[in-house]
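One structure is given here, and the rest of the page talks about it.
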């Protein structure tokens, strides 16, 4: 029998890829997202990296589209007029630059509205696969950090995701929400133009590459990321298993070091020359802290002008924070990554960017 | 200002000649050439400074030197690393940067003596931690989480806190299932996990950050909505 899925945030980057994966797997899809005209309310239209609304994907995948707004409970009722085998709860405001009030309204209250709408409908949902983020951990007290690490969100967006998770786990315990939480690392892949994209765009725009090599080598910082294809495949994989309910999974490729990543990006981004900079860790930390301060200054200056900076502060924080996570738990239940080495996935993504003229 | 007559030539030739050991050392440390640039430049700069303040003779008087206006000499000395770098780069262009490369001369060789290319993994995998010696392993225990601890720490975790891994009286790990704790201990033994901080101090810091919430200031709305 054909399985039925509800995909929220279907016209965004991850949602649109999710629709494609579900279509390939023969699922019947009900897709929901904001009506196109409402999207600009949540995203800064003047900004350089505001997300694109991929409405064509609905037609391409033959999904049924029900427009809805997480912040307006009355618009959510039409979503739950039937049973679903799985709800892929992707919709969230992913914007490091967004004000806290807006993040809370969409990512916390919006998700409360969604679950309440389901509870009020009395319809059956087999599995509620929720998109969180690896950002909820911040720096873990042990490395690589697994799903048992504590919350310590380093920015507003991640904090809103912690609040969101806490809310959903409460529904899991008290109302029987069949919840599985996915915590993806920064996601990249076709249609992606924020976050990881900027780490590729940066060296391309600089024209020169820099590979900072920290000594002692054990102190190196890691670069976690995941290809959207792997993430969507993982979501379907956990949705098809009963034993994943009540569990959390990190979803990311095997972490590579930041110097490996920058070496790769510099070569692939036609950077010439590529500066190799070996530095002791203590000096690196000081310089990186200074760079964060510059980032904060640029952020404040951009806000004053009603614009946004080239790089958001939480993105720059990757150069000072050790974000090193384990994907072992997901592998242990038998999931196989297509892009276990992120460089392979990045190549796939870079080809898409090249075709689009974005890199 | 005193500058060496042959300094630039020496640096250029030195860079070219040291390209050879740098190429050989690349496998051991891919920054070998940069360390050479830093070391040689430092030695030349030190010699310039000391001879100009009159502590020593220019290269002990072995090599000739001459006097130039200050700013000209300053930039002359400042350019030292670039000459060494230039020499090395020229060597690498002709003969290859690593044992896997043959440089332009590779096309002229009949037998290919270059090494095959490595995949992505050019370096040794990052060492996570040292395996624990048996006397350290003996200090680790798996215990059940007390109600008091659960009350204190549960809000910082998604999973129910049922078991903990303790070493030297400090909690290193919380988890839902005993087998997760056993696996963590096994990883500690093998050096497959690096403990950065114990749970109590980590959560105390996280709590402080949560309450202080310094990132909230980056919240000026930018839309009318």
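Bear in mind that the values in this text are calculations on the coordinates, not laboratory data. All of these numbers come straight from a predicted model, not from anything done at the bench. Every residue, glycine among them, receives a Cβ derived from its backbone with ideal geometry; neighbour counts consider all protein chains shown.
For the peptides B:88-97, A:118-127, the ranking by mean Cβ contacts within 10 Å, running from highest to lowest, is B:88-97, A:118-127. Remark: the residue A:300-residue A:218 segment gains 26.0 nm on full extension, using 0.36 nm per residue and subtracting the alpha carbon distance. Taking the C-alpha atoms only, the angle from helix A:196-206 to the longest principal axis of chain A is near 30 degrees. Across peptide B:123-130, the mean count of Cβ atoms from other chains lying within 10 Å of each residue's own Cβ comes to 4.
In degrees between 0 and 90, to the nearest 10, how far off the longest principal axis of chain A does helix A:281-304 point, with axes built from Cα atoms? On a 0 to 90 degree scale, this one is about 60.
With a 10 Å cut-off around each Cβ of A:147-159, the average count of Cβ atoms from other chains is 6.
Relative to the dominant Cα principal axis of chain B, helix B:80-95 is inclined by about 90°. Model label points for residue B:141 and residue B:70, set 7 angstrom from Cα along the Cα-to-Cβ axis, are 7.2 nm apart. Among A:315-328, B:182-195, B:46-59, sorting by the average number of other beta carbon atoms lying within 10 angstrom of each residue, highest first, gives A:315-328, B:182-195, B:46-59.
Modelled spin-label separation between residue A:285 and residue B:49, with each label point placed 7 Å from Cα along the Cα-to-Cβ direction: 2.6 nm. Secondary-structure-derived ellipticity at 222 nm for chain A, considering helices only, amounts to -12000 deg cm²/dmol, per-run term -39500 (n - 2.57) for DSSP H runs with n ≥ 4. The simple spin-label model puts a point 7 Å past each Cα toward its Cβ; for residue B:35 and residue A:72 those points are separated by 6.4 nm.
Calculated FRET efficiency, residue A:341 and residue B:86, Cβ-Cβ r, R0 35 Å, to nearest 0.05? So, using R0 = 35 Å, E works out to roughly 0.50. Shape class for the range A:135-221: oblate, because the ratio a/c of the largest to smallest gyration tensor axis (alpha-carbon atoms, square roots of eigenvalues) is 1.5 or more and b/c is at least a/b. For the segment B:153-162, counting C-beta atoms of other chains within 10 Å of every residue's C-beta and taking the mean gives 5. The packing ranking of peptides A:24-31, B:117-124, highest mean first, is A:24-31, B:117-124, where packing means the average number of other beta carbon atoms within 10 angstrom of each residue.
Taking the range A:184-203 and a reference point 7 angstrom along Cα→Cβ of residue A:310, the backbone N atoms nearer than 14 Å belong to A:198-203.
Take every DSSP beta bridge whose two residues both sit in the protein assembly as shown, then give the antiparallel share in percent to the nearest 5.
35
Remark: the Cα gyration tensor places the range A:172-222 in the oblate category, a/c being 1.5 or greater and a/b not exceeding b/c. Measuring nothing but how far apart in sequence close Cα pairs (under 8 Å, 6+ apart) lie, relative to its length, chain A scores a relative contact order of 18 percent.
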